Each structure stands twice: as structure tokens, then as C-alpha cells.
1. On the basis of being surrounded by 15 or more Cβ atoms within 10 Å (Cβ to Cβ), at pLDDT 90 or above, acidic (D, E) and within 18 Å of G130 (Cα to Cα), does E199 make the cut?
2. Got a sec? Which of T241, T217 is in a helix (DSSP H, G or I) and either outside the structural domain of F140 (by TED's automatic domain parsing) or at pLDDT 50 or above (or both)?
3. If you take the residues of segment 17-38 that are among the aliphatic types (A, V, I, L, M) and not in a helix (DSSP H, G or I), which of them is farthest from L123 (Cα to Cα)?
4. Please verify whether T60 is over 25 Å from the mean Cα position of the chain (by Cα), farther than 23 Å from Y198 by Cα, touching a residue at least 12 places away in the same chain (Cβ under 8 Å) and surrounded by 13 or more Cβ atoms within 10 Å (Cβ to Cβ), treating the condition exactly as stated.
5. Is it the case, given these coordinates, that T27 is assigned by TED's automatic domain parsing to the domain that holds M114, within 30 Å of E147 (Cβ to Cβ), among the β-branched types (V, I, T) and surrounded by 11 or more Cβ atoms within 10 Å (Cβ to Cβ)?
6. Let me confirm something: among D129, D192, D170, which residue is touching a residue at least 60 places away in the same chain (Cβ under 8 Å) and of a type outside the set (A, V, I, L, M, F, W, C)?
7. Is it true that some residue in segment 34-57 is under 26 Å from the mean Cα position of the chain (by Cα), hydroxyl-bearing (S, T, Y) and modelled with pLDDT under 95?
8. Identify, please: which residue in segment 167-192 is β-branched (V, I, T) and over 18 Å from E141 (Cα atoms) and is, among those, surrounded by the most Cβ atoms within 10 Å (Cβ to Cβ)?
Amino acid sequence: MAKTMDTPQDLTVEVRTPAGKSAGKATLAGAVFGIKPNAAVMHQVVTAQLAAARAGTHSTKTRAEVRGGGAKPYRQKGTGRARQGSTRSPHWRGGGVAHGPKPRDYSQRTPKKMVKLALRSALSDRAADGKVLIVGEWGFEAPKTKEARLALDALGIAANQRALVVIAHDDETARRSFRNLAGDRRVQVIEDGQLNAYEVLVADWVVFTQATLDAVTARLSGAGASASSEAGSEGQSTPPTEEGGEEQ
């Protein structure tokens, strides 16, 4: 994991066009992209997110639920074998399962402040590695997978690298342009309001537009962001207190 400064510092990155040319500069807020990543919080939040994604529909039958086995298989005494009362006991073939899985809910409760801190930590880690790209706007006139592929090539994202493209909720043209790249490129499209620590951590590159960068910064910044960042940089495993911070 890349090193970052203990005191959050704003970062300046180049804004690119879909053709890969320079289009000015953009500032990455230090409270969001410049904190020291809190590995313990990221681990807990990602674990909870993956657990919540589990269906939990697995089920096995106990000896009471397996059909049959009502008659005693053989008499109690005189056979030389151990006494048995049912052929549906767990040690019998075709019998029930002892202590098998049953439908359950795997979701874990995660405080919203921890979720925000984990996302800031993940974004700071990618920014420290220089893996955050800013595009002014995609500007696709119509959904074109070819144009999306050429744009990623122009931005220097290799075909074998995983790219997380953050789009606005109403940018349907960009969504439809990138979604078909999953067949030959490792591209994940996500809305700015759905950005999470797991998707950032599994991506090699995180690509924002100027609009989505502003939206994510506004959502993650707040009165308690600086305090959270400083406490998080100490490597605490418990979420710091954020008084007055905006919760998502």
C-alpha cells in the first residue's frame, strides 16, 4: 500500500480529454484523496460488503425433514449390530445432515462514518499511486463501444488492467458506451453515488469526470472529514468520531 502524508494535502492532477490530451488541472481534496489509509477500517468495511452480497439461501435437511425412516430398520437385539431406530440418522446414507447450513442473513451492521472513512482511505491509496485519472467529460454523441475503447487506450489504461469508470447518474450515453467492454477489457462502470471502497480497491485505475469528481468530493468532504482523516492516519481499528460530518 502506498505511503501518504500524515497531514492531508491537496493533490494537483492533470485533466485529460478522451483523446488523451491535456485540458488543464484539477485539485484532489486532501481530506478525500490525501489521508493515510486506514487498513483496519477498509478491511472491516469490505468484509461487510462482501458478506452482504451473499444470498444466504443454502439449506440442508435435518433428520426430521428427510422423507422416510419411520420404521425401525431391524430389531433391537440379537443381530450383533448396533441398535438403530431410523435409517434417516446423519450417519446413514440418505439420512439427514447434522449441523448443516440453513438460510441466514450474512449482512453486518457497519457505521456510515466507517464506510466514508474506508472510501476515503481507498481513494487516497489510489491517488498516492497516481492511479486516479480525471477526464473533463466523455462527450460521446451516441453510445459507441469503439469510442470508449479508444478513450481508455488514449488514457494509458492497458487492456489487462481493471478500470473503474465513475459516471453521473444521468450519463446514459457513457454508461452504454462502456458497459459492453466487459467482454474484452476489465471495465467496471459505477455511478458517483454508488462508489464504494471495494470497487476502488480492486481497480487498477479510477477514472472520474470533472462532474463526478466534484460530486464525490462534496459527498465525502465535511466538517468532520479532517478530524476523521487525522484519527484514521494513526491506524486505529475503530472508527473515529466525526461530529457534524455529513452522512451518506
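1. yes
2. One residue alone meets the criteria, T217.
3. A19
4. Considered against the rule, which asks whether it is over 25 Å from the mean Cα position of the chain (by Cα), farther than 23 Å from Y198 by Cα, touching a residue at least 12 places away in the same chain (Cβ under 8 Å) and surrounded by 13 or more Cβ atoms within 10 Å (Cβ to Cβ), T60 comes out as yes.
5. Working: assigned by TED's automatic domain parsing to the domain that holds M114: yes; within 30 Å of E147 (Cβ to Cβ): yes; among the β-branched types (V, I, T): yes; surrounded by 11 or more Cβ atoms within 10 Å (Cβ to Cβ): yes.
So T27 passes the test.
6. None of the others qualify; the one that does is D129.
7. If we filter segment 34-57 for residues that are under 26 Å from the mean Cα position of the chain (by Cα), which is where we start, we get 34-57.
Then drop every residue that is not hydroxyl-bearing (S, T, Y), which leaves 47, 57.
Still in the list and also modelled with pLDDT under 95: none.
Scanning segment 34-57 turns up no residue that is under 26 Å from the mean Cα position of the chain (by Cα), hydroxyl-bearing (S, T, Y) and modelled with pLDDT under 95.
8. Of segment 167-192, the ones β-branched (V, I, T) are 167, 173, 187, 189-190.
Right, trim to over 18 Å from E141 (Cα atoms) and you get 187, 189-190.
Values: V187: 24, V189: 20, I190: 18.
Ranking the candidates gives V187 first.
The values are calculated or read from the model by the stated rules, or taken from the named source; none is laboratory data. Fair warning: this is a prediction, and the values are worked out from it, not measured in the lab. Positions of Cβ are backbone-derived with ideal geometry, glycine not excepted, and every protein chain shown enters the neighbour counts.
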